[in-house]
Amino acid sequence: MFDLEKSIAGWRKQMLAAGINTPVPLEELENHLRDEIEQQLKSGTNAPLAFEAAVQEIGKANMLKTEFEKVDETKVARTLKQYRAVMVACLGVESLFWTTCLLLKIGRFSEITAVQQMSGLAAVAVMILLAGIGLSGHGPVSLSRRVRDLICISRGRLLALLGVWFFFYVAEPAGFLFILPKFDGGPLWLMLPPAGILFGFIGGLGKATSRETAMAAP
Amino acid sequence: MIRKELVAASAEPLILSLLAKGESYGYAIIQEVKARSDGRLQWTDGMLYPVLHRMESRGLIKSRWGESETGRKRKYYSLKKDGKTAMARHHEQWSLVHSVLAGLQKEQYV
C-alpha cells in the first residue's frame with residue numbers, strides 16, 4: 001500500500017543526503033512537492049504516479065545542491081565587496097590624514113625637512129597605488145579560472161616584494177628614508193609590504209568568489 | 001522547445017515581471033510561466049528556488065513566510081526597489097533585442 005507521507009519523508013532524506021541540509025530551501029522544496037502532488041491528484045492521477053511526477057518535476061538533488069552552492073558564493077562575494085568598500089574608505093581617511101600631516105607639518109612632522117616630506121608623500125602615493133591595484137580585482141581573463149585565482153591571490157605578495165625592493169634598493173640608498181627613531185616619514189614605507197599582501201589577498205579572494213555565479217536555467 | 005540558455009537568460013526578467021504584479025510563491029510562479037508560454041517554457045521546478053534565493057541575496061526581491069489556504073507554511077516573494085530598477089533595465093534590453101529581430105524578420109518577407 002502506497003504511503004504518501006512515507007514517500008515524502010524518503011524524498012526528504014535523499015535531499016539531505018545529497019547535501020541540501022539547510023532548513024529553508026528544503027522546506028520550500030517540500031512545499032513545492034506537496035503543491036505539485038495536490039495538483040496532480042486533483043487532475044485525477046493516482047497517488048504513486050502523482051508523487052513520482054512531482055519528484056521528477058522538482059529535479060535531481062545533486063543539481064539543486066550545486067545551484068544552492070552558487071547562491072552561497074554570491075553571498076560571500078557580496079560580503080567581500082562590502083569589506084573592500086570599508087577598506088577603501090579606511091584607506092582614503094588614512095591617506096588624507098597622513099597627507100594633511102605631511103603637507104601642513106602637523107604634530108611629529110613639525111620639524112621634517114623638505115626631503116622627508118617628499119619621502120612621506122611618496123610613501124602615501126605608493127600605498128594608494130598598491131591598494132588600487134590590489135582592490136580593483138582586475139586580472140587576466142583569458143587564463144583558466146584556477147590560474148587566474150592563483151595570480152590574483154599571489155598578486156599581493158608580488159606587490160609586497162616590489163615594495164621591499166623599492167625600500168632597500170631605491171629609497172634607502174637614495175637617502176629618502178631615515179633611521180629610527182628620527183624616522184618621521186620613513187615608517188610609512190614600512191607599511192607597504194603588509195598593505196600589499198592584505199589588499200592583494202582581498203582583491204584576489206573577491207575575484208575568486210565572484211566567479212561562475214551566473215544564473216542557471218530554472 | 002526553447003533552448004536552455006534562453007530559458008536561463010529569461011528567468012530573472014520573467015520572475016521580476018511576475019512579482020511586479022504582486023507577491024507570489026515558487027509554485028505559483030512556475031504555474032504562471034507555464035500557462036503564459038503554453039507549456040513551452042519548461043523550467044525544472046526545483047531550480048527556481050536557487051534563482052529566487054540568488055535574486056534575494058542580490059537585493060532584488062524579498063521574502064516572508066506566510067500560510068497557504070490549507071494552513072501549510074509558504075514562502076512569499078515580492079519585489080524590492082532594486083528589483084524594479086533591474087526589471088526596467090531587462091525590459092529595455094529585451095525590447096531592443098526583440099525589435100532588432102522583428103525588423104530583420106520583416107525584411108526577409110519584403
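The values are calculated or read from the model by the stated rules, or taken from the named source; none is laboratory data. Note that this is a predicted model, so its numbers are computed, not measured. Here Cβ is always computed from backbone atoms with ideal geometry, including for glycine, and neighbour counts include all displayed protein chains.
Summary table
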read-out	value
Test result for residue A:38, more than 38 Å from the chain's Cα centre (by Cα) and not β-branched (Val, Ile, Thr)	yes
The one condition in (1) buried (at least 16 other Cβ atoms within 10 Å of the Cβ); (2) out of contact with any Lys or Arg (no Cβ under 7 Å at 6 or more places or on another chain); (3) assigned to a helix (DSSP H, G or I) that residue A:79 fails to fulfil	(1)
Close pairs (9 angstrom Cβ cut-off, 6 or more residues apart or separate chains): more than 12 Å from residue A:51 (Cβ to Cβ) in the stretch A:5-19, among the acidic types (Asp, Glu) and modelled with pLDDT of 90 or more anywhere	A:12/A:30; A:15/A:30
Selection status of residue B:85, farther than 21 Å from residue B:3 by Cβ and either within 12 Å of chain A (Cβ to nearest Cβ) or part of a strand (DSSP E or B) (or both)	no
Count - residues of the stretch A:44-56 that are surrounded by 17 or more Cβ atoms within 10 Å (Cβ to Cβ) and within 11 Å of another protein chain (Cβ to nearest Cβ)	2
Test: residue in the stretch A:100-107 that is in contact (Cβ under 8 Å) with a residue 24 or more places away in the chain, more than 19 Å from the chain's Cα centre (by Cα), away from chain B (no Cβ under 14 Å) and more than 30 Å from residue B:49 (Cα to Cα)	yes
Whichever residue in the stretch B:2-20 is assigned to a loop (DSSP other than H, G, I, E, B) and touching a helix residue (DSSP H, G or I) at 6+ places or on another chain (Cβ under 9 Å) and, among such residues, is nearest to the other protein chains (Cβ to nearest Cβ)	B:2
Qualifying positions in the stretch B:43-93 - under 14 Å from the mean Cα position of the chain (by Cα), surrounded by 17 or more Cβ atoms within 10 Å (Cβ to Cβ) and farther than 24 Å from residue A:79 by Cβ	B:43, B:44, B:45, B:47, B:48, B:87, B:90
Residue match in the stretch B:42-51 (condition: within 14 Å of chain A (Cβ to nearest Cβ), part of a helix (DSSP H, G or I) and β-branched (Val, Ile, Thr))	yes
Residue in the stretch A:33-43 that is within 11 Å of chain B (Cβ to nearest Cβ), part of a helix (DSSP H, G or I) and at pLDDT below 90 present	no
